[in-house]
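J.: Sharing a structure, written as structure tokens. Questions coming.
The values are calculated or read from the model by the stated rules, or taken from the named source; none is laboratory data. If you're wondering where the values come from, they're calculated on a predicted model, not measured in any experiment. Here the Cβ is made from the backbone with ideal geometry for all residues, glycine too, and neighbour counts use every protein chain on show. For accessibility, only protein heavy atoms count, side chains too; no ligands or nucleic acids. Shrake-Rupley method; radii C 1.70, N 1.55, O 1.52, S 1.80 Å.
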Amino acid sequence: MTTTYENVLVAREGAVATITVNRPRLLNALNSATLRELTRAVRDCADARVVILMAAGDKAFVAGADISEMATMTPWQAREFSELGHVVTALIEDIPAATIAAVNGYALGGGLELAVACDMIYASETARMGLPEVSLGVTPGFGGTQRLVRLVGKLRAKEMIFTGDWVDAKKALEIGLVNAVLPREKLFDHCKAMAQKIAQRGPLAVARAKRLVERGYDIPLRVANLQEAESFALLFDTEDRREGMTAFVEKRPPRFTGK
């Protein structure tokens, strides 16, 4: 990859890409420039099979949006800032690559909103997660009021959003906000192992399954099931499907090419 960034690091290892928010001195707070860089980085990595989203330092995943920038915003500037967050979170949901958030330390406000846009969330034992925007006199602005509800349910989401209270890693696991909790030193290795496992599966199938889950969530069950049946049938006309089933019959690992 040739794109250079100031606040983001991008690495590639085979079919797995890693995007790191790199503002540790500011607890990786999201300003406008970082949100724009994240959008470019996600686009750059869209052809990977799996993308791991993480952040630099030991204290925070992303401690929120950059309040020093927000403090002087006009309503119009705030709308533009919110739209930057919505663009990158929607892009994370829309790319065909599976996305994994590796949450170490604080994931607050915009940080939690980034994480819940990912397909899976793994947290360290030190993780603290919440949407504290009401303590600043505003609402979540990057999709938190919508995605958190879909993950943990309306009652729990309202409690977190209305109080601004944080939850620790144990509570996050209990309410279904994260997939698993790991010791801090094992978090990235676990995310990498999960990414490599997914990367070995049929990439067209994973991408289609991701789209079915995301698009089917808010439509009637019968319509969603019809979309699933159509996707299932369409995948039968791919080289990956033929390779996967042939490999199964021949009792060998499949060699998927994404075609």
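J.: Condition first: touching a residue at least 60 places away in the same chain (Cβ under 8 Å) and assigned to a helix (DSSP H, G or I). Can you find one or more residues in the range 27-34 that meet it?
T.: no
J.: If you go through the range 39-46 one residue at a time, do you hit one that is assigned to a loop (DSSP other than H, G, I, E, B), open to solvent by 20 Å² or more (accessible area, probe 1.4 Å), at negative phi and basic (Lys, Arg)?
T.: Looking only at the range 39-46, we keep the residues that are assigned to a loop (DSSP other than H, G, I, E, B), and these are 45-46.
Cutting the leftovers down to open to solvent by 20 Å² or more (accessible area, probe 1.4 Å) gives us 46.
After this cut, where a residue has to be at negative phi as well, the list is 46.
Now drop any that are not basic (Lys, Arg), which leaves none.
The answer is no, given that none of the residues of the range 39-46 is assigned to a loop (DSSP other than H, G, I, E, B), open to solvent by 20 Å² or more (accessible area, probe 1.4 Å), at negative phi and basic (Lys, Arg).
J.: Which numbered condition in (1) surrounded by fewer than 17 Cβ atoms within 10 Å (Cβ to Cβ); (2) without any contact (Cβ under 8 Å) to a residue 24 or more places away in the chain; (3) under 22 Å from ALA117 (Cβ atoms) is the only one that GLU214 fails?
T.: Just one mismatch for GLU214, condition (2).
J.: So, one more: Taking only the range 125-170 into account, find how many residues are of a type in the set (Val, Ile, Thr) and under 17 Å from the mean Cα position of the chain (by Cα). Working first, answer last.
T.: Of all residues in the range 125-170, those of a type in the set (Val, Ile, Thr) come to 126, 134, 138-139, 145, 149, 152, 161, 163, 167.
Among the residues that remain, those that are also under 17 Å from the mean Cα position of the chain (by Cα) are: 145, 149, 152.
The total comes to 3.
J.: Have a look at GLN200, GLN227 and point out the one that is open to solvent by 40 Å² or more (accessible area, probe 1.4 Å), within 24 Å of the chain's Cα centre (by Cα) and touching a residue at least 40 places away in the same chain (Cβ under 8 Å). Reasoning before the result, please.
T.: Values: GLN227 fails: touching a residue at least 40 places away in the same chain (Cβ under 8 Å).
Unique residue meeting the criteria: GLN200.
J.: Scan ILE100, ILE92, ILE52, ILE19 and give me the residue that is closer than 30 Å to PHE256 by Cβ, part of a strand (DSSP E or B) and touching a Ser or Thr at 6+ places or on another chain (Cβ under 8 Å). Even if it seems obvious, please write down each step before you answer.
T.: Values: ILE100 fails: touching a Ser or Thr at 6+ places or on another chain (Cβ under 8 Å); ILE92 fails: part of a strand (DSSP E or B); ILE19 fails: touching a Ser or Thr at 6+ places or on another chain (Cβ under 8 Å).
Of ILE100, ILE92, ILE52, ILE19, the one residue that is closer than 30 Å to PHE256 by Cβ, part of a strand (DSSP E or B) and touching a Ser or Thr at 6+ places or on another chain (Cβ under 8 Å) is ILE52.
J.: Now for a different question. Out of all the residues in the range 15-45, which are among the small types (Gly, Ala, Ser) and touching a strand residue (DSSP E or B) at 6+ places or on another chain (Cβ under 9 Å)? Step through it out loud before you land on a result.
T.: Within the range 15-45, the first condition is being among the small types (Gly, Ala, Ser), and the residues that meet it are 15, 17, 29, 32-33, 41.
Answer for the range 15-45, where residues must be among the small types (Gly, Ala, Ser) and touching a strand residue (DSSP E or B) at 6+ places or on another chain (Cβ under 9 Å): ALA15, ALA17, ALA29, ALA41.
J.: Moving to a separate point now. Among the listed residues LEU187, LEU148, which satisfies the condition of being open to solvent by less than 30 Å² (accessible area, probe 1.4 Å), part of a helix (DSSP H, G or I), under 30 Å from GLN77 (Cβ atoms) and touching a residue at least 24 places away in the same chain (Cβ under 8 Å)?
T.: Step by step, each of LEU187, LEU148 is checked, and only LEU148 is open to solvent by less than 30 Å² (accessible area, probe 1.4 Å), part of a helix (DSSP H, G or I), under 30 Å from GLN77 (Cβ atoms) and touching a residue at least 24 places away in the same chain (Cβ under 8 Å).
J.: Consider VAL206 carefully, then state whether it is outside any helix (DSSP H, G or I), modelled with pLDDT of 95 or more and surrounded by 12 or more Cβ atoms within 10 Å (Cβ to Cβ).
T.: Details: outside any helix (DSSP H, G or I): no; modelled with pLDDT of 95 or more: yes; surrounded by 12 or more Cβ atoms within 10 Å (Cβ to Cβ): yes.
For VAL206, the condition - outside any helix (DSSP H, G or I), modelled with pLDDT of 95 or more and surrounded by 12 or more Cβ atoms within 10 Å (Cβ to Cβ) - is not met.
J.: Within the range 153-184, restricting attention to residues that are in a helix (DSSP H, G or I) and among the aliphatic types (A, V, I, L, M), which residue is surrounded by the most Cβ atoms within 10 Å (Cβ to Cβ)?
T.: Within the range 153-184, the first condition is being in a helix (DSSP H, G or I), and the residues that meet it are 154-163, 169-174, 184.
If we keep only those that are among the aliphatic types (A, V, I, L, M) too, we end up with 155, 157, 160-161, 169, 172-173.
Values: LEU155: 9, ALA157: 21, MET160: 23, ILE161: 20, ALA169: 20, ALA172: 26, LEU173: 17.
Restricting to residues being in a helix (DSSP H, G or I) and among the aliphatic types (A, V, I, L, M), the top hit is ALA172.
J.: Given the criterion surrounded by 15 or more Cβ atoms within 10 Å (Cβ to Cβ), out of contact with any strand residue (DSSP E or B) (no Cβ under 7 Å at 6 or more places or on another chain) and of a type in the set (A, V, I, L, M, F, W, C), identify the matching residue among ALA97, ALA117. It would help to see each step written out before you state the result.
T.: On the way: ALA97 fails: out of contact with any strand residue (DSSP E or B) (no Cβ under 7 Å at 6 or more places or on another chain).
Answer to the selection: ALA117.
J.: Return the residues of the range 68-89 that are free of Cβ contacts under 8 Å to residues at least 40 places away in the same chain and within 30 Å of VAL16 (Cβ to Cβ); say none if nothing qualifies.
T.: If the condition is that a residue be free of Cβ contacts under 8 Å to residues at least 40 places away in the same chain and within 30 Å of VAL16 (Cβ to Cβ), then GLU83 is the only one that fits.
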